[in-house]
Amino acid sequence: VSESEKFRVEYWELEERKLRRRPRPKALAGKVAFVTGGASGIGRATCRALAAQGACVVVADRDHEGARQLAKELGGADVAHAVHVDVSDEASIRAAVEVACLAFGGIDVVVNNAGLSQSAPLEETTAEMWDLQFDVMARGSFLVSREAARVLRAQGHGGDIVYIVSKNAVFAGPANVAYSSAKAAQAHQVRLLAAELGPTGVRVNGVNPDGVVRGSGIFAGGWGAQRAAVYGVAEEDLGQYYAQRTLLKQEVLPEHVGAAVVALVDGSLPLTTGLLVPVDGGVPQAFLR
Ligand code: NAD
């Protein structure tokens, strides 16, 4: 290696090291995110992931104490705000969005995450179970998106709406007709709203997670026991059961879903709208459950 080449190599190595050293601006600095169901599970991990990238976060949940605790953990009033919301109640949504706008001067990212699960075999699924899940997930996310669209359009600089849907919106699993139907309704909202809001610069995308067992309130609150019975495994082995049936043999954690939401809104995918991103470890093509 000649002296001049050696100099060139050293010069660029040094420059690279300087770049590594320079603090990089956070991808979501200056943005405000409104996350429904943000106090627990996937919503909480999403709030943490958005805040880690510099976003101010409004933790919107009907569990106000949980939302307050998370807002405090994220750094308090300058960067996070807890607001009570019941997504099955129009007035409550309007008030929560208004509070969010007052707290941080606007909204850039809305995450439709609030949800619950009440699953049973078809003949044991009551009309009340169906109505509750449609109220919170299908109707709730429609109402939140409608309110968000009004704010985003008035602001005039686009924005992002992200739905936390489910693999169940695409694949047919046993004994959860009401939950999966509500999730399928959300999946179609993603496509419909992407089409309708696209001309205003608002992008609408979604994430389809598979069985997030650890850290999920839904699993702790009965879904886990029900799924374990359906698949014939012990409840404590459910995470491993889900992991083993994927291509990557890995358990899906709430943090994986939070990372996917960040990737959808941080500018990495600027022309992507109407997309449902699977976060499921990969599903074998021949998979039928
Ligand atoms: P979770 O129970 O940990 O969190 C749900 C949150 O939503 C809670 O904080 C709850 O208080 C809130 N919530 C429920 N009803 C509400 C309402 N009416 N108004 C406002 N907030 C309300 O559950 P999770 O597993 O983190 O689920 C979050 C979302 O992810 C849900 O939409 C769920 O369907 C979806 N999802 C979960 C999984 C999974 O395996 N856990 C898989 C795919 C999709």
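Read-outs throughout are calculated quantities, based only on the coordinates presented, and are distinct from any laboratory measurement. Just so it is clear, the structure is predicted and the values come from calculations on it, not from any experiment. So basically every Cβ, Gly included, is an ideal-geometry build from the backbone, and we count neighbours across all protein chains shown.
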_Classify segment 228-283 from the C-alpha gyration tensor, please: rounded if a/c falls under 1.5, else prolate or oblate depending on whether a/b exceeds b/c._
prolate
*In terms of the Cα gyration tensor, with a ≥ b ≥ c the square roots of its eigenvalues, is segment 36-81 rounded because a/c is under 1.5, prolate because a/b exceeds b/c, or oblate?*
oblate
*Length-normalised contact order for the chain - Cα pairs under 8 Å, 6+ apart - percent*: 18 percent
_Once each part is reduced to its C-alpha centroid, what is the distance from segment 43-98 to segment 151-174 in angstrom?_
17 Å
*Förster radius 35 Å - calculated FRET efficiency between Thr126 and Val79 (Cβ-Cβ, nearest 0.05)*: 0.25
_Which three numbers, in whole Å and largest first, are the semi-axes of the equivalent ellipsoid of segment 4-43 derived from its Cα gyration tensor as √(5λ)?_
44, 11, 6
*asked:* At 222 nm, what value in deg cm²/dmol follows for the chain if DSSP H runs of at least 4 each add -39500 (n - 2.57) and the sum is divided by all its residues, to the nearest 500?
replied: -14000 deg cm²/dmol
_Point-to-point label distance, Gln155-Ser4, nm (Cα→Cβ direction, 7 Å offset)_ = 5.4 nm
*If you line up the Cα atoms of the chain on their principal axes, what length do they span on each, largest first, in Å?*
80, 46, 37
*First check a/c for segment 141-219, with a ≥ b ≥ c the square roots of the eigenvalues of its C-alpha gyration tensor; if it is under 1.5, answer rounded, and if not, answer prolate when a/b is larger than b/c or oblate otherwise.*
prolate
*Relative to the first principal axis of the alpha-carbon coordinates of the chain, what is the inclination of helix 177-197, with its axis defined by its Cα atoms, in degrees from 0 to 90 and to the nearest 10?*
40 degrees
*asked:* Once R0 is set to 35 Å, what does the formula 1/(1 + (r/R0)^6) return for the Cβ-Cβ distance between Ala52 and Leu248, expressed as a FRET efficiency to the nearest 0.05?
replied: 0.90
_With angles folded into 0 to 90 degrees, how steeply does helix 3-21 sit against the dominant principal axis of the chain? Use alpha carbons for both and round to 10._
40 degrees
*Mind grabbing the base-10 log of I(q)/I(0) for segment 67-183 at q = 0.18, 0.19, 0.23 Å⁻¹? Debye formula, identical points on the C-alpha positions, no solvent, two decimal places.*
-0.96, -1.02, -1.25
*Return the lysines within reach of Lys183: Cα separation strictly under 18 angstrom, same-chain partners fewer than 8 residues apart disregarded; answer none if there are no such residues.*
Lys167
*Could you please report the charge total around Ala225, scoring K, R as +1 and D, E as -1 over all other residues with beta-carbon less than 12 angstrom from its beta-carbon?*
-1
*Angle, helix 64-74 long axis vs. longest principal axis of the chain, Cα atoms, 0 to 90°, nearest 10?*
10 degrees
